[in-house]
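**Q** Pasting a structure below so you can have a look.
The values are calculated or read from the model by the stated rules, or taken from the named source; none is laboratory data. Model, not experiment: these values are computed from the prediction. Using ideal geometry, Cβ is built from the backbone for each residue, glycine included, and neighbour counts are taken over all protein chains shown. The area values use the complete protein model at the heavy-atom level, side chains included, leaving out ligands, DNA and RNA. Shrake-Rupley method; radii C 1.70, N 1.55, O 1.52, S 1.80 Å.
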Amino acid sequence: PVPRYIWGIVAVSLAAQLGTAPVVIYKFAYFPVYFLPANLIVAPLVLVIIYGSVASFVLSPFTVLHIWVVKGLNGVLRLLNDSMQWVGDLPVSHSGDIHLSLLQVGILYVLLFVVLSYLLSPSRKSLITVLCGINLFIGFSAYNLFYLMNNLYLCPALKIR
């Protein structure tokens, strides 16, 4: 049961990260590198917090029990915050300064859907679609980088037209 539980956390974490990564990168310009270890810590603690919160609500008429549950919840919350601070302080905990355009985010989601359809039913046609999507993303990213370098970083006299 323990390996199955850990695999469940890993699978949900990967699915959630894949589904939200393009939007997170678009909005915040960074990607959390250690999301898997962080989620292995967070998932059990959040489960304890949810059950503890329900227990706190149910035990609220019983003052002594309620105070104990709240003190336990406070400790779990402190552990959660401290452990996430520790993960955040690890070297290269997130890759920063990643800038995606809205079109790149859309291409990534279409590419994610195409890769998923290829994994569910592999065919030559869907593989070609995946590879074309990857080339489209890389090409558009290179164009954006060239455009940014040309318009923001170079001297106006050196602009390529």
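**Q** For Gly72, which of the numbered conditions (1) farther than 28 Å from Val130 by Cβ; (2) in contact with a helix residue (DSSP H, G or I) (Cβ under 8 Å, 6 or more places away or on another chain); (3) surrounded by fewer than 11 Cβ atoms within 10 Å (Cβ to Cβ) fails to hold?
**A** Status for Gly72: all satisfied but (3).
**Q** Something else: Looking at segment 116-131, can you tell me whether even one residue there is aliphatic (A, V, I, L, M), within 17 Å of the chain's Cα centre (by Cα) and surrounded by 11 or more Cβ atoms within 10 Å (Cβ to Cβ)? Steps first, please.
**A** So in segment 116-131, the residues aliphatic (A, V, I, L, M) come out as 116, 119-120, 127-128, 130-131.
Narrowing further to those that are within 17 Å of the chain's Cα centre (by Cα): none.
Checked segment 116-131: no residue is aliphatic (A, V, I, L, M), within 17 Å of the chain's Cα centre (by Cα) and surrounded by 11 or more Cβ atoms within 10 Å (Cβ to Cβ).
**Q** Between residues in segment 50-63 that are more than 14 Å from Val76 (Cβ to Cβ) and residues that are surrounded by 12 or more Cβ atoms within 10 Å (Cβ to Cβ) and of a type outside the set (S, T, N, Q), which pairs lie under 6 Å by C-beta distance while being six or more apart or on different chains?
**A** Hits for this filter: Leu59/Leu65; Leu59/His66; Leu59/Val69; Ser60/His66.
**Q** Tell me, please, whether a residue that is surrounded by 13 or more Cβ atoms within 10 Å (Cβ to Cβ), free of Cβ contacts under 8 Å to residues at least 12 places away in the same chain and not polar (S, T, N, Q) can be found in segment 87-103.
**A** No; the residues of segment 87-103 include none that is surrounded by 13 or more Cβ atoms within 10 Å (Cβ to Cβ), free of Cβ contacts under 8 Å to residues at least 12 places away in the same chain and not polar (S, T, N, Q).
**Q** For segment 1-22, which positions are closer than 14 Å to Val105 by Cα and open to solvent by 50 Å² or more (accessible area, probe 1.4 Å)?
**A** Matches in segment 1-22: Leu18, Thr20.
**Q** Still on this structure, please answer the following. Just a yes or no: is a residue in segment 23-40 touching a residue at least 40 places away in the same chain (Cβ under 8 Å), open to solvent by less than 50 Å² (accessible area, probe 1.4 Å), in a helix (DSSP H, G or I) and closer than 29 Å to Ile138 by Cα?
**A** Yes, that holds for at least one residue.
**Q** If you don't mind, another one. All but one of (1) surrounded by 16 or more Cβ atoms within 10 Å (Cβ to Cβ); (2) small (Gly, Ala, Ser); (3) outside any helix (DSSP H, G or I) hold for Ser60; state the number of the condition that does not hold.
**A** For Ser60, the failing item is (1).
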